[in-house]
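Have a look at the structure below before the remarks.
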Amino acid sequence: MDHEYSYTTLTIEKILSFVNFKLKTREMYFFWKTLFEKIFKRYKLTDIVDGSEPCPDRFLIDMNGNITNQADPAFDVWHEKDQKIIMWLKSTLSEDVALPLVISGDIPSNSSRELWLGLEKRFAVAGVPAEYRRSMFSGRVVTLKVFEDNTSVLEALSRQGEGRVLVVDGGGSMRRAITGGKVAKYAELKGWAGIVVKGCVRDVDEINECEIGVRALATCPVRPTRGKDGSSGQRHVDVNIGGTWILEGEWLYADNDGILVSTTKLSI
């Protein structure tokens, strides 16, 4: 019922229980954004943040189109929501994130939309449209070794991704796909930045609808097998993909030109 999701019931403590980390880096941004988008949708605040519900005039207008000195109640409600959103967003930012974030355009100064777009401008991939961001991704590596069975893949992705990249050595099998569209969407919602597979994927059109990077050797329409547990996979092991050894905890950077792996985080 609607009253169960009234924005008036949201407190800083409740927000911090939903978003239990401080936004500091680009790798964390997408997961942070996804969590807040869920909050805005549930509490019917999306229209304020995306600009489709603009700020009402502060005062009522009479039948002749003249501004009166009577306050518009709709302004007070909108303003209360807007200021609460600002407070919630700021409560989840690291001290390293300098405020204010200045942007241009016809956006009300000191509004939640201004802050939201300022954070997007700072943390999103600069100069790249949203629909192409999935082709550019990076994050700390989590490794996994499987063969035609994705039980361990699902188990790994069930954990919060926190902007990391799952690198799966699938043995180079061309007989079955290791992951597909539903798994990619699940990984996106869990905050993973990307999935790299030495093997095949399926449901390419669905994957392309997700804002998560996916790389594989090829596509295959055949589903993976599914064990009763993750015993068929090896976790946190060194994997070799394309002649390059990739270790747990290293940093992976991918774009349209290829994949780069580094032992340390790069400033790019």
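The values are calculated or read from the model by the stated rules, or taken from the named source; none is laboratory data. Only a predicted model underlies this, so the values are computations on that prediction, with no experimental measurement involved. Neighbour counts are summed over all protein chains in view; Cβ atoms, including those assigned to glycine, are modelled from backbone coordinates with ideal geometry. Quick note on the areas: whole protein, heavy atoms, side chains included, nothing else; ligands and nucleic acids left out. Shrake-Rupley method; radii C 1.70, N 1.55, O 1.52, S 1.80 Å.
Residue by residue through the range 52-71, note down the ones that are under 18 Å from SER111 (Cα atoms) and out of contact with any Ser or Thr (no Cβ under 9 Å at 6 or more places or on another chain). Passing the criteria: PRO54, PRO56, ASP57, ARG58. Per this entry, LYS84 is counted among residues that are at pLDDT 75 or above, among the charged types (D, E, K, R) and out of contact with any Asp or Glu (no Cβ under 7 Å at 6 or more places or on another chain).
Counting just the residues of the range 96-126 that are assigned to a loop (DSSP other than H, G, I, E, B) and closer than 14 Å to ARG26 by Cα, which one comes out modelled with the lowest pLDDT?
Checking each candidate, the answer is ALA126.
Just one of the numbered conditions (1) at positive phi; (2) touching a residue at least 12 places away in the same chain (Cβ under 8 Å); (3) out of contact with any Lys or Arg (no Cβ under 9 Å at 6 or more places or on another chain) is not true of ASP203; which one? Result: ASP203 fails condition (3) only. Would you be able to tell me the number of residues in the range 41-72 that are among the β-branched types (Val, Ile, Thr) and surrounded by 13 or more Cβ atoms within 10 Å (Cβ to Cβ)? Result for the range 41-72: 3. State all residues of the range 12-40 that are surrounded by 13 or more Cβ atoms within 10 Å (Cβ to Cβ) and outside any helix (DSSP H, G or I); if no residue qualifies, say none. Across the range 12-40, the qualifying residues are VAL19, PHE21, LYS22, LEU23, LYS24, THR25. Quick one: is VAL168 at pLDDT 95 or above, closer than 27 Å to LYS33 by Cα and aliphatic (A, V, I, L, M)? For VAL168, the condition - at pLDDT 95 or above, closer than 27 Å to LYS33 by Cα and aliphatic (A, V, I, L, M) - is met. Within the range 236-247, residues that are open to solvent by 80 Å² or more (accessible area, probe 1.4 Å) have Cβ atoms under 8 Å from residues that are outside any strand (DSSP E or B) and not aliphatic (A, V, I, L, M) in these pairs: HIS236/GLU248; ASP238/GLU248; TRP245/ASP238, counting only partners at least 6 apart in sequence or on another chain.
Only one entry in ARG215, ARG223 is at negative phi, assigned to a strand (DSSP E or B), of a type in the set (Lys, Arg) and touching a strand residue (DSSP E or B) at 6+ places or on another chain (Cβ under 8 Å), namely ARG215.
Yes/no per residue for (1) over 20 Å from GLY163 (Cβ atoms); (2) out of contact with any strand residue (DSSP E or B) (no Cβ under 6 Å at 6 or more places or on another chain); (3) of a type in the set (Phe, Trp, Tyr):
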site	(1), (2), (3)
LYS198	yes, no, no
VAL201	yes, no, no
GLY243	yes, yes, no
GLU250	no, no, no
GLY258	yes, yes, no
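Taken over the range 200-212, the residue count meeting the criterion of being at pLDDT below 90, over 11 Å from LYS185 (Cα atoms) and either crowded, with 24+ Cβ neighbours inside 10 Å or hydrophobic (A, V, I, L, M, F, W, C) (or both) is 1. Listed here are the strands (runs of 3 or more DSSP E) enclosed by the range 129-199 that have at least 2 residues being open to solvent by 50 Å² or more (accessible area, probe 1.4 Å) and touching a residue at least 40 places away in the same chain (Cβ under 8 Å): 137-145.
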